[in-house]
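Q: I'd like to ask some things about the structure below.
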Amino acid sequence: MANLKDIKSRINSVNNTKKITKAMKMVAAAKVKKAENTVKAGRPFSDELLHLFRKLLATVGEYSVSGLKVEKGLDNYPELIRKRDVKSEGLLVLTSNKGLAGAYNSNIIKTALQRVKDNSNKGIKTVIYPVGQKAVSAFKNKTGAFVLKNGYLGIANNPTAAGANIIAEDIADDFVNGEIDSIHIITTHFNNMMSYNVVSWEVLPVKVEKASEHELDPLMIFEPSAHAILQKLVPMYIANSIFQALLEANASELASRMTAMSAASNNAEEMITTLTVDYNKARQWAITQEIVEIVSGANSVGA
């Protein structure tokens with residue numbers, strides 16, 4: 001029979017853990033609704049931006065940097081939409097800074113590692129752009145056919161348009177300079193409070209189907225020119241794609257943490273119930289043992 005003191009200590013320990021998991025569940029629940037609303041509010045803008053982008057591509061026709069002022073890679077839109085033979089692929093891996101979110105981070109990292117393996121089998125070099133402490137730590141502790149870039153930690157749990165633009169500028173510079181020939185985002189798509197999917201899509205080179213003839217507006221006039229507008233729109237499209245991915249990832253992480261902490265709290269409650277039963281049994285056994293010893297002692301004296 002277990003020691004009463006040990007069982008009591010375990011009950012207190014599990015009870016303290018339950019308080020922590022319950023508090024984390026409440027914090028995640030308070031944040032996830034706001035994150036969900038932000039994600040859903042951003043999707044129509046992304047769709048409309050894509051629609052406008054398709055129209056512009058069909059209108060411009062030939063893409064040339066001639067006459068455009070290019071100060072950084074993100075300004076060089078003709079290069080950003082030019083398809084190349086892929087010899088080096090970048091992976092923008094979006095994770096969180098903190099754990100205790102169920103299988104959220106491990107699912108993303110597992111998908112990224114599989115992509116690295118597939119690229120290696122094809123003779124393609126992989127460059128990892130980690131977002132979040134979990135991705136940084138995971139790839140630092142792994143060996144494989146990949147190059148690890150500096151991580152983006154502050155952006156992971158605080159998605160902002162400015163943060164997305166920083167990432168967009170970095171990957172665009174590497175793309176234009178020829179360090180990478182394409183880049184994919186590995187993140188999650190937020191479905192609802194209970195589910196999300198790990199997804200991957202290509203950010204660079206920008207791949208957008210041109211609008212068909214019946215979608216074009218003959219009365220649409222571009223000032224100062226369609227090329228100049230496209231030079232502004234391509235960076236906006238890339239940065240917005242990254243920003244929307246960050247929002248989706250943040251909402252998915254919070255939902256996963258809320259679910260994981262809810263399950264942990266329930267498990268802790270069940271464990272406390274089981275330990276309490278064990279404690280009562282041990283206490284009853286100890287009392288019975290004492291009574292038996294007293295009776296035995298009395299009988300011995302009487303004899």
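Just so it is clear, none of the values below were taken in a lab; they were calculated from the coordinates. These numbers come from a predicted model, not from an experiment. Cβ coordinates were reconstructed from backbone atoms using ideal geometry, including for glycine residues, and neighbour counts include every protein chain displayed.
Q: Please report the antiparallel percentage of DSSP beta bridges with both residues in the stretch 21-261, rounded to the nearest 5.
A: 35 percent
Q: Still on this structure, please answer the following. If we sort 165-177, 240-252 on the protection proxy, mean other Cβ atoms within 10 Å, highest first, what's the order?
A: 240-252, 165-177
Q: What's the local net charge at A35, with K and R +1, D and E -1, over the other residues with C-beta under 14 Å away? Write down the numbers at each step before the final one.
A: Working: positive: K31, K33, K34, K40, R43, R257; negative: E36, E248, E253.
Taking every Cβ under 14 Å from that of A35, the sum is +3.
Q: Which distance in nm do the two modelled labels at E223 and T143 give, with both placed 7 Å along the Cα-to-Cβ direction?
A: Each label point is offset 7 Å from its Cα along the Cβ direction, giving 6.3 nm.
Q: Which order do the peptides 29-42, 127-140 come out in when sorted by mean C-beta neighbours inside 10 angstrom, highest first?
A: Ranking the peptides 29-42, 127-140 by packing returns 127-140, 29-42.
Q: If all Cα-Cα distances of the chain are sorted into 10 Å bins from 0 onward, what percent lands in each bin, rounded to whole numbers?
A: Spelled out per bin, shortest first, that is 6, 22, 24, 18, 11, 7, 5, 4, 2, 1, 1, 0.
Q: Sum up the charges of everything whose Cβ sits under 9 Å from the Cβ of Q231, counting Lys and Arg as +1 and Asp and Glu as -1, but leave Q231 out.
A: +1
Q: Please list, ordered by chain and number, the residues whose modelled amide H lies under 5 Å from the amide H of T188; skip anything fewer than 5 residues away on the same chain.
A: Result for T188 returns V199, A249.
Q: Using the alpha-carbon centroid of each, what span in Å lies between the stretch 1-41 and the stretch 231-287?
A: Answer, in whole Å: 8.
Q: While we're on this one: From the phi angles alone, apply the Karplus equation (6.51, -1.76, 1.60; θ = phi - 60°) to the stretch 190-200 and give each ³J(HN,Hα) in whole Hz, x where the residue is Gly or Pro.
A: 6, 9, 7, 4, 10, 8, 8, 10, 6, 10, 9
Q: If you take every residue apart from E253 with its C-beta less than 13 Å away from the C-beta of E253, what net charge results, scoring Lys and Arg +1 and Asp and Glu -1? Could the numbers behind the result be given before it?
A: Working: positive: K31, K98, K134, R257; negative: E36, E248.
Net charge in that neighbourhood comes out at +2.
Q: Could you tell me which of rounded, prolate or oblate describes the stretch 34-180, using a ≥ b ≥ c as the square roots of the eigenvalues of the alpha-carbon gyration tensor, with rounded for a/c under 1.5 and, failing that, prolate when a/b is larger than b/c and oblate otherwise?
A: oblate
Q: Given the DSSP H assignment, sum -39500 (n - 2.57) over each helix run of at least 4 residues in the chain and divide by its residue total; what's the result at 222 nm in deg cm²/dmol, nearest 500?
A: Computed mean residue ellipticity for the chain: -21500 deg cm²/dmol.
Q: So which helices of the chain fit the span-like rule, where a helix is a whole DSSP H run, its Cα atoms reach 30 Å or more along the axis, and its mean Kyte-Doolittle is at least 0.0?
A: 226-302
Q: Could you sort 107-114, 280-287, 293-300 so that the peptide with the highest average Cβ count within 10 Å comes first and the rest follow in order?
A: In decreasing order of mean packing, 107-114, 280-287, 293-300 become 107-114, 280-287, 293-300.
Q: Same structure, new question: Pairs of lysine in the stretch 82-181 with Cα under 19 Å and at least 8 positions apart or on different chains: total?
A: Lysine pairs satisfying the spacing and distance rule in the stretch 82-181 number 26.
Q: Could you name the lysines in cross-link range of K281, using Cα to Cα under 27 Å and dropping any fewer than eight places away on the same chain?
A: K5, K8, K18, K19
Q: Sticking with this structure for a sec: List the residues whose amide H sits under 5 Å from the amide H of K142, counting only those 5 or more places along or on another chain, with H placed 1.01 Å from N in the peptide plane.
A: Placed amide hydrogens put nothing under 5 Å from K142.
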